[in-house]
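The values are calculated or read from the model by the stated rules, or taken from the named source; none is laboratory data. Because the structure is predicted, anything quoted here is derived from the model rather than measured. Cβ placement follows ideal geometry from the backbone for every residue including glycine, while neighbour counts extend to all protein chains displayed.
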């Protein structure tokens, strides 16, 4: 099969581009963030455009595309049943749809669908830095799993010609480790936030008590224990902070560690576990909470921070990886050094003792979040597609 484009390259204006968007789509409306959130946000933004004809392919066989199946062509493939059948099914989809662009969000396992015949029009957005995530896994089994993912990603990324980086942080790692980096087409494009965050009026004059919230998988890499220790330090100073934890445990070893820490520090009445919530539910639940905290040890460009900023939250996060690209310390949020819960406690104390400063930081965060608005992200993405087609 010869892969070719439907577009005439002498001009893109008024042309319809067919895009196959591939990734680990969520089941039903159970979208909690991460790559799944990005896929949903991009799909919604693409479907609002007249110049894009969209085809969705999920590497999650349980995905039903409830919100999209009546608006575009949808397919699922199943790596778990058979790797070879999954590749054959994908080849059938591509031959049937004959797209201009194949865009994979996230690398493993979707990159296993890559073939040389697709290389000119195959685009990959790299999200995680698997080598760094592997180091932070809590048991040997998960370390081995991440090592296998890392080897797979490294093998295929050396063969991909078109790459989107979501932060300068992961772009620099790739360029440093890839000898043929000068041969590829690449672009720096941030992840989009769901439009519902921009449609909802943010609260900038908070009247609630000293509340903060955390969103994400509860695992060691996310550093929830640091926030709990900071809460304890402030408790000693008679400043009562309430923490709302939105998410679920990913590692049972870490669950036991967190439960033991809360009991030891006697902060049971200050830490509230809310379970998983989808994007709409997070938006409603956190509406009156002024501060978002993400004390992670490793991130690329967290969607949860962008979502919080789009609602005018004062974000307090670790000064690592791609996070400093999102936040200007003291202006549009706050940064603290990795693992330093004393510094985290000091920042929270400063925030809640200076309401006027909180309002200014919140307003600045709102302005800075415009780069994550879906229409802006999609415009940049389509611009990159055009560059890919011109070079192809």
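Laid out as a table, the results:
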| item | result |
| --- | --- |
| Boolean, residue 199 is closer than 27 Å to residue 40 by Cβ, surrounded by fewer than 16 Cβ atoms within 10 Å (Cβ to Cβ) and without any contact (Cβ under 8 Å) to a residue 60 or more places away in the chain | yes |
| Which listed residue is outside the structural domain of residue 216 (by TED's automatic domain parsing) and modelled with pLDDT of 95 or more, from 109, 61, 99 | 99 |
| Test: residue in the range 320-329 that is within 20 Å of residue 136 (Cα to Cα) and either assigned to a helix (DSSP H, G or I) or touching a strand residue (DSSP E or B) at 6+ places or on another chain (Cβ under 6 Å) (or both) | yes |
| Qualifying residue in the range 172-182 (condition: crowded, with 20+ Cβ neighbours inside 10 Å and either in contact with a helix residue (DSSP H, G or I) (Cβ under 8 Å, 6 or more places away or on another chain) or at positive phi (or both)) | no |
| Residue under evaluation residue 227, criteria (1) within 28 Å of residue 342 (Cα to Cα); (2) assigned to a loop (DSSP other than H, G, I, E, B); (3) under 22 Å from the mean Cα position of the chain (by Cα), criterion not met | (2) |
| The one condition in (1) touching a helix residue (DSSP H, G or I) at 6+ places or on another chain (Cβ under 6 Å); (2) part of a loop (DSSP other than H, G, I, E, B); (3) over 19 Å from residue 42 (Cα atoms) that residue 71 fails to fulfil | (3) |
| Residue within the range 293-304 that is over 16 Å from the mean Cα position of the chain (by Cα) and surrounded by fewer than 22 Cβ atoms within 10 Å (Cβ to Cβ) present | no |
| Single residue of 317, 363 found to be touching a residue at least 24 places away in the same chain (Cβ under 8 Å), outside any helix (DSSP H, G or I) and under 24 Å from residue 280 (Cα atoms) | 317 |
| Among (1) part of a loop (DSSP other than H, G, I, E, B); (2) out of contact with any strand residue (DSSP E or B) (no Cβ under 6 Å at 6 or more places or on another chain); (3) modelled with pLDDT of 95 or more - the single one residue 306 does not satisfy | (1) |
| Selected residue [under 22 Å from residue 343 (Cα atoms) and more than 22 Å from the chain's Cα centre (by Cα)] from 215, 245, 267 | 267 |
| Test: residue in the range 275-289 that is in contact with a helix residue (DSSP H, G or I) (Cβ under 7 Å, 6 or more places away or on another chain) and farther than 25 Å from residue 325 by Cα | yes |
| Options 166, 101, 93; residue that is in contact (Cβ under 8 Å) with a residue 60 or more places away in the chain and over 23 Å from the mean Cα position of the chain (by Cα) | 93 |
| The listed residue being under 23 Å from residue 381 (Cα atoms) and out of contact with any strand residue (DSSP E or B) (no Cβ under 6 Å at 6 or more places or on another chain), out of 103, 127 | 127 |
| Check on residue 246, free of Cβ contacts under 8 Å to residues at least 60 places away in the same chain, under 28 Å from residue 312 (Cα atoms) and buried (at least 18 other Cβ atoms within 10 Å of the Cβ) | yes |
| Within the range 23-58, considering residues that are modelled with pLDDT under 90 and over 12 Å from the mean Cα position of the chain (by Cα), the one surrounded by the most Cβ atoms within 10 Å (Cβ to Cβ) | 26 |
| Filtered residues of the range 263-280 (kept if surrounded by 18 or more Cβ atoms within 10 Å (Cβ to Cβ) and modelled with pLDDT of 95 or more) | 267, 270, 271 |
| Qualifying positions in the range 122-138 - at pLDDT below 95 and either farther than 21 Å from residue 41 by Cβ or part of a helix (DSSP H, G or I) (or both) | 129, 130, 131, 132, 133, 134, 135, 136, 137, 138 |
| Selection within the range 146-193 - part of a helix (DSSP H, G or I) and within 12 Å of residue 301 (Cα to Cα) | 168, 169, 170, 171 |
| Test result for residue 205, in a helix (DSSP H, G or I) and either assigned by TED's automatic domain parsing to the domain that holds residue 246 or farther than 23 Å from residue 286 by Cα (or both) | no |
